[in-house]
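Notes follow the structure.
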């Protein structure tokens with residue numbers, strides 16, 4: 001443990017969300033200039049956000065906490081981790097969508113077309129989606145955190161329904177309705193934190209809204225109120241984070257959205273909600289450490305339910321969506337422990353999951369792009385025709401299964417060790433079994449799609465080719481990241497260490 | 001907050017009217033009439049916020065925000081979403097008689113529960129006072145009725161009306177729980193509800209064109 005980091009005023013937290021917000025407005029207002037402007041602005045903005053994220057990481061690793069707007073915005077290790085993940089995946093998803101979204105036929109629905117004037121809307125909303133997620137990660141105001149999380153639902157709602165056909169509309173309706181109701185509970189939770197913090201009498205006027213300040217007086221909050229607040233927060237932010245049993249919206253939305261949006265939903269958005277949950281609930285840990293057992297229970301339940309439902313899927317995108325639920329279980333179990341090792345493992349897995357789940361969704365998107373099919377039963381024998389996609393999918397599958405030497409192994413191992421060290425052997429055992437089941441799910445899908453003889457006629461008859469470079473380059477970058485984070489996990493240490501120290505309230 | 005300045009009787013009457021209009025909004029089977037009941041309910045909320053305001057002038061701003069978002073924009077979107085055709089609500093899961101019974105039971109149960117256990121929900125001294133206990137009890141009742149409507153109604157537009165009720169309940173509770181909420185946060189919370197309603201009705205418009213109905217039971221393409 002080291003001394004408290006230095007608090008420094010900086011414009012980075014402001015820029016992080018204002019840049020994509022302004023760029024999104026430019027794209028939406030400049031719709032008539034067409035898709036090229038929209039794509040160029042989106043790419044430049046995403047790179048800028050990544051740059052801001054990297055700058056934040058550099059400052060945070062040098063033991064600084066960045067604040068702006070009189071402590072309304074605050075970036076510590078945890079925020080910086082999320083910003084850099086959002087920026088990184090944002091860049092790759094934008095590059096990927098250049099060819100994926102920009103073509104007349106909707107990839108999963110051959111023959112149908114997207115009106116050209118809708119493409120700039122796609123990119124504008126994509127930028128606003130990034131902006132709202134980034135705002136949530138830098139705000140220190142508990143009510144604005146709710147506002148940000150709900151805003152991510154609103155900006156992504158039309159992206160989920162973008163294809164505007166029966167499936168997409170159904171998914172969009174469920175997404176907006178279920179998440180809005182769920183998040184309303186989080187508003188109650190956030191307001192209770194504020195009201196309870198203000199009632200302790202230890203804080204000045206607006207200070208009770210600031211999470212960093214409420215943290216100091218949390219011990220004075222009555223137990224009953226704290227319990228209700230935590231319950232509301234878990235239902236609210238937990239719904240958004242895809243924690244079982246609040247997950248039913250997730251497979252619909254993640255599977256029906258255009259693939260670059262699926263990448264952002266599964267790779268980034270549920271992490272941002274997890275961040276909101278961890279940020280708010282962790283302030284109650286020092287006074288109520290028994291929350292840890294409950295959190296680990298919730299995490300293991302989520303892991304098991306997610307993987308069991310994934311086993312039953314034939315649709316590749318739904319399979320990946322359910323596997324996201326399962327993997328979020330590991331993150332909850334790790335962070336929920338409240339110990340340094342648990343938080344480190346949970347956050348490491350959060351980072352890794354963002355990488356390999358984005359990779360897997362992109363690979364499935366590539367299959368849809370080239371074959372027009374997304375059911376395992378409709379695909380087969382594609383390893384020769386799509387070598388890069390198949391290699392990338394395989395690397396992603398090995399990584400998510402937690403097999404050495406790729407990234408998932410390291411983070412899952414950390415979570416297992418943390419659980420065992422906390423004496424929760426039952427949870428560690430469940431986590432190991434779920435890891436094996438994940439291997440079964442992903443390897444079965446990979447072997448059927450890429451190596452087995454095609455079962456139906458469809459895959460053989462289509463002249464299948466590898467996807468264009470703008471789609472496979474992002475995949476290769478992510479695949480390399482899976483390998484690097486697995487072989488050299490220490491490169492993420494400086495940042496993950498700062499981030500884990502923010503959440504680790506129950507000692508080592 | 002200076003509670004001596006508050007028109008207590010007026011607040012009581014408005015609170016009671018609020019609960020009655022909520023039940024009406026949920027139970028009326030003509031969508032346009034239901035939206036009218038909702039609009040009246042929204043106006044009562046505006047009046048309620050304004051009558052709390054002598055004790056806390058910031059609430060005038062809340063009342064103004066509520067007037068714009070809840071009583072003008074939301075009803076406008078709702079009426080536009082319902083359209084000019086047949087506005088009979090699709091048969092809900094629960095028939096009219098049992099549904100009214102459930103609504104009344106919910107109302108009494110939640111009112112009683114919140115009123116007696118207010119200390120858990122609201123740790124501040126303000127909320128312990130009789131008037132604010134009543135306010136919280138009414139707010140949670142409206143919330144529960146809205147949730148009930150969302151869960152048991154088949155008609156997508158009716159579920160949106162239920163969602164509006166639910167959000168109204170939340171906002172009303174803020175009077176007691178978070179009277180010092182800054183304008184930016186308040187505006188964020190209030191404007192998001194309007195955007196949600198707009199987006200949901202926009203998507204429901206698409207559903208109506210694609211499926212030929214606003215029956216949520218018809219949304220069965222995705223399962224498992």
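Just a few scattered comments:
- One decimal place: the segment residue B:100-residue B:4 gains 30.8 nm when fully extended, by the rule 0.36 nm per residue minus the C-alpha distance.
- Helix A:340-371 vs. chain A, principal-axis angle (Cα, 0 to 90°, nearest 10): 20
- Region B:152-195: C-alpha gyration tensor shape, a/c 1.5 cut-off, then a/b vs b/c: oblate
- Computed [θ] at 222 nm, deg cm²/dmol, chain A (DSSP H ≥ 4; -39,500 (n - 2.57); rounded to nearest 500): -24000 deg cm²/dmol
- For chain B, the longest principal axis of the alpha carbon atoms and the long axis of helix B:183-211 meet at an angle near 10°.
- D (Stokes-Einstein, µm²/s), Kirkwood Cα radius, chain A, 1.002 mPa s at 20 °C: 95
- Cα-based shape type of region B:16-175, given that a ≥ b ≥ c are square roots of the gyration tensor eigenvalues and the cut on a/c is 1.5: oblate
- Residues residue A:488 and residue A:447, FRET efficiency given R0 of 41 Å [Cβ-Cβ distance, rounded to 0.05]: 0.90
- Mean sequence separation of contacting Cα pairs (under 8 Å, at least six apart), scaled by the length of region B:26-162, corresponds to a relative contact order of 28 percent.
- Cβ-based exposure ranking for A:249, A:164, A:69, A:425, in which fewest neighbours within 10 Å come first: A:425, A:69, A:164, A:249
- Cα gyration tensor shape for region A:381-508, rounded if a/c is under 1.5, else prolate or oblate: oblate
- Segment residue A:69-residue A:32, extension gain: residue separation times 0.36 nm, minus the distance between their alpha carbons: 9.8 nm
- Inter-probe distance in nm under a simple model that places probes 7 Å from Cα toward Cβ, at residue A:18 and residue A:40: 2.5
- Inter-centroid distance (Cα atoms) of region A:190-257 relative to region A:386-451, Å: 31
- Centre separation in Å (Cα based) which lies between region B:20-63 and region A:287-301: 40
- Peptide packing for B:165-178, A:259-272 was compared via the average number of neighbouring C-beta atoms within 10 Å per residue; ordered from the highest value, the list is A:259-272, B:165-178.
- Residue A:377/residue A:429 FRET efficiency (R0 25 Å; Cβ-Cβ; nearest 0.05): 0.15
- Residues of region B:77-91 falling in the label zone of residue B:217, defined by backbone nitrogen less than 11 Å from a point 7 Å along Cα to beta-carbon, are B:90-91.
- Stretched out straight at 0.36 nm per residue, the stretch from residue A:480 to residue A:118 would grow longer than its current Cα-Cα span by 126.9 nm.
- For the pair residue B:117 and residue B:33, a Förster radius of 22 Å applied to the C-beta separation gives a FRET efficiency near 0.05, rounded to the nearest 0.05.
- Cα-based helix-to-principal-axis angle, A:407-421 vs chain A, degrees rounded to 10: 40
Every number in this text was worked out from the coordinates using simple rules, so none of it is lab data. This is a predicted model, so every value here is computed, not measured. Neighbour counts run over all protein chains shown; Cβ positions are idealised from the backbone, glycine included.
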